[in-house]
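Reading through the structure tokens given below for one structure.
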Amino acid sequence: MKRKLFTTLSLTALLCLSANAQTVKINGVGHDNRYDDGEQMKTEYLGYNYELQKSIFIVDNGLYTMSWDGSALTTPTKEPPVNKADIKGNNEKEIWANNFNMMYANSGALYVDGKLITVMSRDEQSTTDDVLFAVRKWDAKTGTLLSSQYRPKSDCLESAGMAYNPLDGKIYGLFYLTEQKLSEEFTSDPEFFVDEDKESSDEDAGYAICTIDPKTMKITPITKGLYYYNFVTFAINSEGRAFALTSGASSAPLSEDGRQRDINGNLTGAQLCEFDLETGLMIRNSIQKTDPETQETYIDYEFPLSATGYSSQYRRQSACFDKNNPNKMYWCGYFNSGKGVNEYGSWTSLSDKEWRTNGKFDTSLYEIDITTGIATRLANINNRWMFSAMWIDGADSSDGAGIDIMGSSEPTDGIYLALQHADNGSIWQKVEMGKQYTFYLQPADGWQINSVTFNGNPLEVNDGGYVTTPSISSNVSYLIVTFEATAANGIRGIQDDPISPIKVMGKRGGITVTNADGQLLSVFNAKGQQLFTRQLEGDQTSISLAEGQLYIVKVGDKVMKIRL
């Protein structure tokens with residue numbers, strides 16, 4: 001897809017701030033990018049904790065820090081550290097360390113005011129093709145998991161990055177809008193927009209600048225989507241200016257200064273772009289040009305900033321600003337665009353095991369002068385570390401802003417278990433980390449228990465009607481009970497079935513239906529309005545549904561009631 005874009009705003013250059021070199025501590029959500037044996041994250045198995053009923057692993061995912069003193073960069077180290085000797089045998093610390101396995105953000109991450117949000121996309125392991133987003137919230141100092149939930153594909157949480165704007169107190173991101181159409185405002189003008197993918201059955205609107213509510217994770221597009229560049233970063237400086245980097249790979253040889261230039265001598269590689277946050281449009285300069293064949297004049301649009309001079313892969317990267325220096329953007333990017341030079345001087349892919357000498361998939365710390373767009377490689381990063389979010393320790397624009405990412409739907413003054421049992425609200429029980437809790441379940445007349453889940457996993461109810469949770473391992477957990485109508489309910493067509501083979505199991509962001517191959521599934525809201533219907537195929541089907549609502553689910557002749 002190609003377009004002629006966007007706005008005629010000019011970019012005004014800012015004077016660089018002069019300052020003496022000082023150590024900058026950069027924090028991030030990191031992982032070792034690749035090992036000599038390929039795409040393998042190292043894990044260490046500590047054993048099975050029988051009290052917690054959980055296998056415990058130490059993983060490389062987590063919070064990391066590295067320091068740049070103007071001449072050398074330290075190797076990223078985990079902070080706070082995870083020491084095997086301190087963890088082993090301590091239930092709370094074992095849970096804490098084990099949770100780092102989930103601190104992975106292949107769909108973007110946000111640091112804001114001492115907290116973190118990580119977004120990981122995953123395919124639902126069922127007959128549905130829905131992509132779910134695992135949204136997890138963390139304490140950025142301690143690494144404590146605050147909450148975890150799944151969101152549906154329609155939430156469009158895939159982003160090149162998210163950042164806080166200190167000018168208006170909002171959080172913005174560069175989000176990819178899937179399964180959405182562009183406005184006719186764009187598509188009706190052939191001089192402005194040419195759809196080269198119009199024969200494709202897939203519809204999406206590309207990247208768009210959006211605001212996002214960190215409590216609800218609801219995005220609000222400022223534009224309807226416009227940009228089909230492959231963006232890899234997004235950051236906002238302390239003056240409220242928003243920047244993104246495109247993925248850019250070039251086979252151009254390196255100049256004496258280590259940068260890449262095209263045949264005309266212009267810098268090439270990843271391109272720095274600036275966005276107008278009020279309009280959501282990319283800032284471009286309009287240039288009048290003449291067609292050499294027809295001699296007709298036309299208006300074209302060019303980036304006001306230079307390319308960085310360094311190639312980079314189309315893989316998620318990260319960037320941030322020190323609030324005290326709005327003209328310098330730190331960028332954790334790739335080295336040589338994942339390629340090396342062989343013995344004949346050709347730019348080519350080389351064996352992964354040679355990465356320590358050829359630079360393949362190696363990573364580097366760069367600084368970018370946003371007044372020019374030109375990058376400077378500060379240092380390669382030891383062991384190929386990559387970050388899904390970065391922030392300057394003690395110097396992020398959001399620090400001290402008092403931003404609440406949890407919202408009123410989940411208490412934040414302790415550890416809680418939410419009891420969802422198909423009534424008009426939730427009961428939040430204050431609990432303790434590492435402990436188990438037992439509940440007696442008593443259905444109302446005309447109803448029986450169909451299923452019980454704890455954080456999306458099924459639990460057994462014993463003959464006496466009691467259910468016991470696993471050990472509490474996060475600040476917010478959910479116990480969801482599904483009730484099934486019986487013949488005594490008076491609903492027409494319901495037959496007595498003491499043990500129904502069909503199960504409707506609740507989880508954050510939806511339901512999973514099992515043992516219902518060939519049955520017709522219908523979902524209604526509390527007012528009886530039909531929301532969804534599908535003929536089921538296979539042993540298991542998952543459906544994405546909004547949280548905080550009561551649903552009536554009918555599968556064949558079974559009627560269930562559930563609140564998510």
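The values are calculated or read from the model by the stated rules, or taken from the named source; none is laboratory data. All figures in this text were calculated on a predicted structure; none of them were measured in a lab. Note that each Cβ is placed from the backbone with ideal geometry, even for glycine, and that neighbours are counted across all protein chains shown. Keep in mind that these areas ignore ligands, DNA and RNA; they rest on the heavy atoms of the full protein, side chains included. Shrake-Rupley method; radii C 1.70, N 1.55, O 1.52, S 1.80 Å.
Whenever you get a sec, compute what percent of the accessible area on the stretch 54-166 sits on carbon and sulfur atoms (1.4 Å probe).
Numbers: 1870 of 4180 Å².
On the stretch 54-166, the fraction of accessible area on carbon and sulfur atoms equals 45 percent.
Stretching the chain fully between Thr371 and Thr65 yields a gain of 107.4 nm (0.36 nm per residue, less the alpha carbon separation).
Approximating the spin labels as points 7 Å out from Cα along Cα→Cβ, the Lys218-to-Asp463 distance works out to 4.9 nm.
Close amide H contacts of Asp322 (hydrogens built in the peptide plane, cut-off under 5 Å, sequence separation of 5 or more or a different chain): Tyr330.
Determine the sum of side-chain charges near Asn525: Lys and Arg each +1, Asp and Glu each -1, restricted to other residues whose C-beta is under 12 angstrom from that of Asn525.
On the way: positive: Lys527, Lys561, Arg563; negative: none.
Residues near Asn525 contribute +3 overall.
Applying 0.36 nm per residue to the separation of Ser251 and Gln436 and subtracting their alpha-carbon distance, the gain on full extension is 60.8 nm.
How large a share of the accessible area of the stretch 232-333, in percent, is made up of carbon and sulfur atoms when the probe is 1.4 Å and the other protein chains stay in place? Spell out each step's value before the answer.
Details: 1840 of 4410 Å².
C and S atoms contribute 42 percent here.
Based on the Cβ-Cβ distance from Lys42 to Gln429, what FRET efficiency comes out when R0 is 41 Å, to the nearest 0.05? Intermediate results must be reported in sequence, preceding the final value.
Details: r = 38 Å, r/R0 = 0.91.
My answer for the efficiency is 0.65.
In this structure the stretch 204-265 gives 40 Å² per residue of accessible area when probed at 1.4 Å with all protein chains present. Taking amide hydrogens as placed 1.01 Å from N in the peptide plane, the amide H of Gly161 sits under 5 Å from those of Leu174, each at least 5 positions away in sequence or on another chain. Model label sites at Ile403 and Asn380, defined 7 Å from Cα along the beta-carbon direction, differ in position by 3.5 nm. Along Cα→Cβ, 7 Å out, is where each label goes; now give me the distance between the ones at Asp262 and Glu92 in nm to one decimal. The two pseudo-label positions are separated by 5.9 nm. Pairs from the table (Lys54/Lys435; Lys115/Lys170; Lys93/Lys153; Lys141/Lys507; Lys215/Lys561; Lys42/Lys115) lying more than 23 angstrom apart at Cα are Lys93/Lys153; Lys141/Lys507; Lys215/Lys561; Lys42/Lys115.
When the trypsin sites (Lys or Arg not before Pro) in the stretch 384-479 are filtered for DSSP coil states and for at most 15 other beta-carbon atoms within 10 Å of their beta-carbon, the remaining sites are Lys435.
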